[in-house]
Amino acid sequence: MGKRMMVVAETKDGKLRQVSLEALHAAYTLKEEGDEIIAVLPGHGLDAPARELAGHVEGRVITLDHPDLKTYSAEAYYLAFSRLLDEDQPDLVLLGHTAVGRDLAPQLAARLDAGQISDVTALEITDEGALFTRPLFAGKAFEKKRLTGSRGVVTLRPNNLPPAGPVASPAEIVPAGDTVSGTPLQTVIRDIVRKTTGKVDLTEAKVVVSGGRGVKSADGFKPLEELAEVLQGAVGASRGACDAGYCDYALQIGQTGKVVTPELYIACGISGAIQHLAGMSQSRIIIAINKDPEAPIFKIADYGIVGDLFEVVPLLTREFKQT
Ligand code: FAD
């Protein structure tokens, strides 16, 4: 009998997250003859994202639809998944390495008595099975790990694997029974108030325009926002900029902030401290704009522009607008 792989999908603002399709791609890469793929979508009001997900799944889509699952809560999600795991007994569970995935994965691993590999950026199939690559020491080194037990849970860093493409015939959508009601919850999340209003999710953005202390004020972020808008990207920041009160901590990228791996990262007025690099050094192309030619950010940049960001950024915006 083949393996059973479970992909835990996620929604944000009612839309399917791109990383869910990337996790699905990982499942297809690992799939061998006889293996089964189940995609599970937790949340509330899931008709549209479930249909979208089903269009990419060869197998089954199980929806866990309940008002208590509308926003992530460790307790409610664990409850909802416990019965599903007990019934379906997956050999491998794949999740995005998102805020939800990072919190949920160890709980699922404990429930399944499975090993866990987190923050995977690449995978390859070898004669001895799947090898998962993950960064170490803030991206300075990589390790390759394999699951040795019969069960595993793996989280995948967004933007590192391609998304699974559409399938010829969409999967059947099977609503799971109510796995939440009946057990009183200790915590109920009523609402989430978002501090950032960006249209593009920072961790999944293909382009990130980031500002550091060099932007000098909250208003200094405006040219960066304009450039990000033209490139359909998101705005990020260094901790220096957040600490100075120029922007919200929700934008912070780095060791103690978000980890991003966009196609293009534009660092504006950021010196390139090791703690910042930890959150962006795996970006595909890095452009640094800094007045100081000795700034450490230039050591990891693919393209460096020595100059004043307030002159360079509007020029880039103008050029990109024309293309
Ligand atoms: P600075 O180091 O002050 O650099 C500003 C840069 O802007 C300079 O290079 C300057 O030349 C340039 N500049 C100034 N004016 C202009 C202009 N007009 N045009 C172009 N360039 C200009 N930092 C993070 O970013 N993320 C983290 O997650 C993080 N976690 C940390 C965790 C710990 C435990 C510690 C101790 C620190 C952490 N830090 C983190 C802080 C980190 O060490 C740096 O202090 C911070 O990244 C510096 O931010 P910055 O590059 O914006 O500021």
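The values are calculated or read from the model by the stated rules, or taken from the named source; none is laboratory data. Predicted model, so just to flag it, every value in this text is computed and none were measured. Note: ideal-geometry Cβ built from the backbone for every residue, glycine included; neighbour counts use all protein chains shown. Accessible surface is based on the protein model in full, side chains and every heavy atom, while ligands, DNA and RNA are left aside. Shrake-Rupley method; radii C 1.70, N 1.55, O 1.52, S 1.80 Å.
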Using a Cα-Cα cut-off of under 18 Å, which lysines could be cross-linked to K206, ignoring same-chain neighbours fewer than 8 residues away? K12, K15, K258, K321
Share of accessible surface on carbon and sulfur in region 200-261, whole %, 1.4 Å probe and ligands ignored, is 48 percent
Under 5 Å between amide hydrogens, which residues at least 5 positions from T11 or on another chain qualify, with H placed 1.01 Å from N in the peptide plane? R17
³J(HN,Hα) across region 15-26 via Karplus (A = 6.51, B = -1.76, C = 1.60, θ = phi - 60°), whole Hz, x for Gly/Pro? 10, 5, 7, 4, 4, 5, 6, 5, 5, 5, 4, 4
For K291, which lysines qualify as cross-link partners when the Cα separation must be under 23 Å and same-chain residues fewer than eight apart are set aside? K216, K222, K299
Long-range amide H contacts for H56: which residues qualify at under 5 Å (H placed 1.01 Å from N, peptide plane, sequence gap of 5 or more or a different chain)? V167, A171
Per 10 angstrom bin, beginning at 0 and ending with the bin that holds the maximum distance, the Cα pairs of the chain fall in percents of 6, 25, 30, 23, 13, 3, 0
Around V174: net Lys/Arg minus Asp/Glu count, Cβ-Cβ under 15 Å: -4
Can you give the local net charge around H44? Use residues other than it whose beta-carbon is closer than 14 angstrom to its beta-carbon, Lys and Arg +1, Asp and Glu -1. -3
Placed amide H near G211: partners under 5 Å, 5+ positions off or other chain: G236, A237, S238, C268
Using θ = phi - 60° and the Karplus form 6.51 cos²θ - 1.76 cosθ + 1.60, what ³J(HN,Hα) does each residue of region 227-238 get, whole Hz, x for Gly and Pro? 5, 4, 5, 4, 8, 6, x, 10, 9, x, 7, 8
Heavy-atom surface of the chain, accessible at 1.4 Å and reported per residue (Å²): 49 Å²
Mind telling me which of E22, E294, E204 comes out most flexible in a GNM of the chain, alpha-carbon contacts under 10 Å? E294
Roughly what % antiparallel, to the nearest 5, for the DSSP beta bridges in the chain? 20 percent
Range of Cα positions in region 1-78 per principal axis (Å), largest first: 37, 24, 17
Cα principal axis extents for region 162-274, largest first, Å: 53, 43, 26
Applying the Karplus parametrisation 6.51 cos²θ - 1.76 cosθ + 1.60 with θ = phi - 60° to the phi angles of region 128-143, what ³J(HN,Hα) value in whole Hz is obtained for each residue in order, glycine and proline being reported as x? 8, x, 7, 10, 10, 9, 9, x, 10, 6, 6, x, 7, 9, 10, 10
Consider just the alpha-carbon atoms of region 227-323 and return their Rg together with their Dmax, both in angstrom. 12.7, 37
